[in-house]
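Accompanying notes for the structure given below.
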Amino acid sequence: NAGVTQTPKFQVLKTGQSMTLQCAQDMNHNSMYWYRQDPGMGLRLIYYSASEGTTDKGEVPNGYNVSRLNKREFSLRLESAAPSQTSVYFCASSGLVTEAFFGQGTRLTVV
Amino acid sequence: GNSVTQMEGPVTLSEEAFLTINCTYTATGYPSLFWYVQYPGEGLQLLLKATKADDKGSNKGFEATYRKETTSFHLEKGSVQVSDSAVYFCALTAPKAAGNKLTFGGGTRVLVKP
């Protein structure tokens, strides 16, 4: 019963490096999301995909790109990492009438 | 736009004490309201929800009532345990919002001491 699976769990990058965070869900959900969690600021939406084939910006999209590869997978890419992108990243998914289910998170440090 | 405001923590309690975490929201129409809990080192998981005014969500001894007149969704538990130590997030989804996006409050850290 995997739910939402994110990889990697931890990552350290140097400023300017790129990386892709992977997310997959096995619940046949239409919608998927990427959030970042920073102390005292709760979770802020980076990008979301309401359905396969569509993606839209959330509250804090600058510096990120996403790809909805298929119904199961939704990846987040940092093209040129900056220290301000040090955060914990969460992927989530939801169906039409179900609540959102979250992955375990990726702790990213940019030095 | 939509927003959620919840009390800042940390909240430190003794075991068996009463817990209240205040949450108020701003949204047009009738949003759905949620409480999520995050245990150390884990992702968020749904604790309870309410989808219309005067609904009461409940789970694991926690309760929250959707109050439209005060735009509030306060979380309560009558007798907390050490295992309730976690970060609690109030959140909403706006009606007819594309993709059922969640808007979160800042989170409240709760520490229960034996």
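The values are calculated or read from the model by the stated rules, or taken from the named source; none is laboratory data. Nothing here was measured: the structure is a model prediction, and the numbers come from that model. Backbone-built Cβ (ideal geometry, glycine too); neighbour counts: all protein chains shown.
Taking only segment A:68-100 into account, find how many residues are farther than 15 Å from A:Ser49 by Cβ and under 13 Å from the mean Cα position of the chain (by Cα). The qualifying residues number 5. Of the residues making up segment B:57-87, just one is of a type in the set (Gly, Ala, Ser), surrounded by 16 or more Cβ atoms within 10 Å (Cβ to Cβ) and not in a strand (DSSP E or B), namely B:Ser85.
Could you grab the pairs with beta carbons closer than 9 Å, sequence gap of 6+ or different chains, first residue in segment B:99-111 and within 7 Å of another protein chain (Cβ to nearest Cβ) and over 12 Å from A:Tyr48 (Cβ atoms), second one crowded, with 22+ Cβ neighbours inside 10 Å and of a type in the set (Val, Ile, Thr)? Every condition considered, the pairs that remain are B:Phe104/B:Val4; B:Gly105/B:Val4; B:Gly106/B:Val4. Across segment B:3-25, the number of residues qualifying as part of a strand (DSSP E or B) and surrounded by fewer than 16 Cβ atoms within 10 Å (Cβ to Cβ) comes to 5.
Go through the residues of segment A:70-78 one by one and say whether even a single one is without any contact (Cβ under 8 Å) to a residue 60 or more places away in the chain and at the interface with chain B (Cβ under 10 Å from one of its Cβ atoms).
no
Residue by residue through segment B:92-114, note down the ones that are farther than 15 Å from A:Met41 by Cα, at pLDDT 90 or above and in a loop (DSSP other than H, G, I, E, B).
Within segment B:92-114, just B:Pro114 meets the criteria.
State yes or no: is A:Pro39 at pLDDT 95 or above and exposed (fewer than 14 other Cβ atoms within 10 Å of the Cβ)? In short, no.
B:Thr28 meets the conditions (1) in a strand (DSSP E or B); (2) of a type in the set (Val, Ile, Thr); (3) away from chain A (no Cβ under 14 Å); (4) touching a residue at least 60 places away in the same chain (Cβ under 8 Å) in every case but one. The failed one is (1). Scanning segment A:56-111 for residues that are of a type in the set (Asp, Glu), more than 25 Å from B:Pro40 (Cβ to Cβ) and part of a loop (DSSP other than H, G, I, E, B) yields A:Glu59, A:Glu79. Residues in segment A:87-102 that are of a type outside the set (Val, Ile, Thr) and within 15 Å of A:Ile46 (Cα to Cα): A:Ser87, A:Tyr89, A:Phe90, A:Cys91, A:Ala92, A:Ser93, A:Phe102.
B:Thr28 falls short of the stated requirement of being within 28 Å of A:Gly103 (Cβ to Cβ), of a type in the set (Val, Ile, Thr) and modelled with pLDDT under 95. Considering segment A:34-50, the residues that are more than 8 Å from chain B (Cβ to nearest Cβ) and part of a loop (DSSP other than H, G, I, E, B) include one that is farthest from A:Ala92 (Cα to Cα), namely A:Pro39.
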